[in-house]
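*Asks:* Structure provided below as structure tokens; questions to follow.
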Amino acid sequence: MAKALNVGFHAGAGPDPGYLWSVHYLSVAREEAESFLNDGQYEHVVDLFRSLASEKDPTHPVTVTVEAIEDFYELKDKGGILGKISLRVYFTVSPHDAAIVVLAAIKKEEDGQTASWTKTRVKYRLRRFRKGEFGRPV
């Protein structure tokens, strides 16, 4: 069963001059984030993606911390409103649609490299996204 692909916000929306990128997300990624974040923390993550959507190149931003992992990206944040939560949000960039697509969110528990189970989950969702199994954003 495919999870819906949703629109967080569109390119051109937001404060002047508007976002350069749209942000789409899988329903399951939102559910994952909401399972360990409170409302204020979730809104902080949305703000991180607003910053990312304002970047000329969201794969090499200056406003947030992003790292490439294989053929997807990991947004990292910790501290502040997140407290001891080590947040990781995994996404891909669809230049054709000028969209950042959020695939997964986790609360990282272990130090070191990204766990193999996380990579497997994200690669599976990325493969399905590229095949169009999640449909168009709604």
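None of the figures in this text is laboratory data; all of them are computed from the coordinates on show. Computed from a predicted model, the values in this text were never measured in an experiment. Quick reminder, even Gly has a Cβ in these numbers, built from the backbone with ideal geometry, and neighbours come from all protein chains shown.
*Asks:* For Cα extents along the principal axes in Å, the listed values are [x] 54, 27, 26; [y] 41, 33, 33; [z] 36, 35, 26; which was obtained by calculation from the structure presented?
*Replies:* [z]
*Asks:* Here's another thing I want to ask about it. When the Karplus curve 6.51 cos²θ - 1.76 cosθ + 1.60 is applied with θ = phi - 60°, which whole-Hz ³J(HN,Hα) does each residue of the stretch 85-98 get, with x for Gly and Pro?
*Replies:* 5, 9, 7, 9, 10, 9, 8, 10, 10, 10, x, 4, 9, 6
*Asks:* In terms of modelled amide H atoms, which long-range or inter-chain residues lie less than 5 Å from the amide H of Ser86?
*Replies:* Under 5 Å from the amide H of Ser86 lie the amide H atoms of Lys108, each far enough along the sequence or on another chain.
*Asks:* Now, a different point. Using a simple spin-label model with points 7 Å from Cα along the Cα→Cβ vector, what separation in nm is obtained for Tyr124 and Glu34?
*Replies:* About 2.2 nm separates the two model spin labels.
*Asks:* Which whole-Hz ³J(HN,Hα) couplings does the stretch 30-37 yield from phi under the Karplus relation 6.51 cos²θ - 1.76 cosθ + 1.60, θ = phi - 60°, glycine and proline marked x?
*Replies:* 5, 4, 4, 4, 5, 6, 10, 10
*Asks:* Still on this structure: Which value at 222 nm does the chain reach when only helices count, each DSSP H run of 4 or more adding -39,500 (n - 2.57), with the total divided by all residues and rounded to the nearest 500 deg cm²/dmol?
*Replies:* Rounded to the nearest 500, it is -9000 deg cm²/dmol.
*Asks:* Express the relative contact order of the chain as a whole percentage, based on alpha carbon pairs under 8 Å and six or more residues apart in sequence.
*Replies:* Details: 222 pairs, mean separation 35.9, N = 138.
With pairs under 8 Å counted, the relative contact order is 26 percent.
*Asks:* Any idea what the dipole of the stretch 13-134 comes to, in debye rounded to 20, about its Cα centre with Lys/Arg Cβ at +1 and Asp/Glu Cβ at -1?
*Replies:* Working: 17 positive and 19 negative charges, 89 e Å.
For the stretch 13-134, the charge dipole is close to 420 debye.
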